[in-house]
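The next block holds one structure in the form of structure tokens; read it before the comments.
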Amino acid sequence: MFDGIGFMELLLIGIIGLVVLGPERLPVAVRSITGWIRAMKRMANSVKDELEQELKIEQLHNDLKQAESKGLSNLSPELQESIDQLKQAAQSVNRPYQVDDVLDNQKKQESAPSAAPANTTSSAQATQTGNTADSADNKPQANG
């Protein structure tokens with residue numbers, strides 16, 4: 001991490017930090033700086049991963065163009081592997097949507113019969129609370 005900075009430079013920075021910030025605030029400052037460094041590393045790794053993914057997609061796209069130009073027959077093993085990867089990626093993209101559709105349909109079927117009794121109990125509860133409110137309103141009027 002500190003390729004250009006030696007031990008003596010780090011020691012000097014630590015002593016200056018101790019003098020400037022003091023012993024109470026120096027640990028807090030070091031923690032916040034290390035947090036910033038971790039965040040920057042995470043961002044750099046994220047960008048690196050995205051670039052690698054984009055380059056892989058571009059390579060797969062070029063392989064697909066080559067395969068199409070050959071008519072998808074008599075392909076080299078590398079091109080066949082790329083096409084297989086593309087097929088797997090397409091299936092994995094479609095699979096979550098198919099599972100979600102099945103789950104949504106199951107939830108709709110399960111919630112439809114149980115929705116009617118739930119509504120009747122809530123209306124009954126509303127009627128009961130309305131009755132108690134009316135009786136409470138009647139009591140102060142009788143006392144008043």
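What follows draws every value from the coordinates through simple rules; no lab data is involved. Quick caveat, the model's predicted, so the values are computed rather than measured. Glycine gets a Cβ as well: all are built from the backbone with ideal geometry, and neighbour counts include every protein chain shown.
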Counting only pairs 8 or more places apart or on different chains, how many lysine pairs in the range 8-109 have C-alpha atoms closer than 22 Å? 6
Assigning unit charges at the beta carbon (Lys, Arg +1; Asp, Glu -1) and nothing else, what dipole magnitude in debye, to the nearest 20, does the range 8-109 show about its Cα centre? 480
